[in-house]
């Protein structure tokens with residue numbers, strides 16, 4: 001079974017600075033997807049960024065980018081120019097490309113933005 | 001507006017009183033799923049459905065039932081709720097069955113906060 005580990009329960013960053021959230025995963029599969037979801041106080045799950053395992057190029061979405069290291073099974077999220085609206089719980093998630101489209105989530109990292 | 005809706009958003013109930021949380025999507029998605037979110041555990045899958053009349057257990061199915069009689073609806077049923085089912089519940093849906101397709105993004109509902117006393 002796949003597992004996802006987020007070793008940082010809480011992180012904080014000064015507004016306008018850069019922060020990196022860590023995520024590692026364990027799988028024996030070679031074809032899969034990785035995601036970062038944001039959960040603000042409203043509790044809505046918002047997709048931030050996704051990465052296909054077969055793509056070597058790291059995904060980017062505006063101020064959000066990932067560092068995908070397939071051999072190391074690492075998938076960190078970098079937030080540049082942090083804004084107050086980035087304050088939320090962030091979840092890393094894994095999805096196999098076969099069968100059930102279940103998302104396997106990490107335990108989350110709560111990000112605080114310091115004004 | 002494309003969305004996944006859940007009702008109710010909040011529910012406080014007592015042990016043993018049957019309840020249903022409804023989930024509906026208007027995107028013609030084939031795949032639907034239920035997750036529960038607990039502090040320190042992230043989200044865990046309860047049940048999923050690949051299509052109408054096709055459902056299967058996820059990682060934490062005990063104490064729950066589901067049905068998929070229509071493509072758009074996927075209700076979660078707690079026949080005899082217990083306090084350990086107090087949690088935040090999410091329904092999610094996607095087009096499904098398109099390996100490698102970017103449109104396999106899962107869309108989440110707004111969540112249902114359930115408290116069982």
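Annotations
- Rel. contact order, % - alpha carbon contacts under 8 angstrom, at least six apart, region B:39-117: 21
- Fraction of alpha-carbon pairs over 18 Å apart in region A:50-115 - percent: 46
- Using C-alpha pairs under 8 Å with a sequence gap of at least 6, the mean separation divided by the residue count of chain A gives a relative contact order of 37 percent.
- Considering only Cα atoms, the convex hull volume of the protein assembly as shown works out to 123 Å³ per residue.
- Within 10 Å of the Cβ of each residue in B:81-92, the mean number of Cβ atoms contributed by other protein chains is 1.
- For region B:19-117, Kirkwood radius (reciprocal of mean inverse C-alpha pair distance, Å): 13.7
- Across region B:12-76, the convex hull enclosing all Cα atoms gives 105 Å³ per residue.
- Between the alpha-carbon centres of region B:15-85 and region A:51-115 there is a gap of 25 Å.
- Principal semi-axes in Å for chain A [√(5λ), Cα gyration tensor, largest first]: 24, 14, 12
- Sorted from greatest to least, the principal axis extents spanned by the alpha carbons of region B:38-88 come out as 32, 23, 16 Å.
- GNM flexibility winner over chain B from B:58, B:40, B:16 (Cα, springs under 10 Å): B:40
Only the coordinates and a few stated rules stand behind these numbers; no lab work does. Everything quoted here is computed from the prediction, not taken from an experiment. Neighbour counts run over all protein chains shown; Cβ positions are idealised from the backbone, glycine included.
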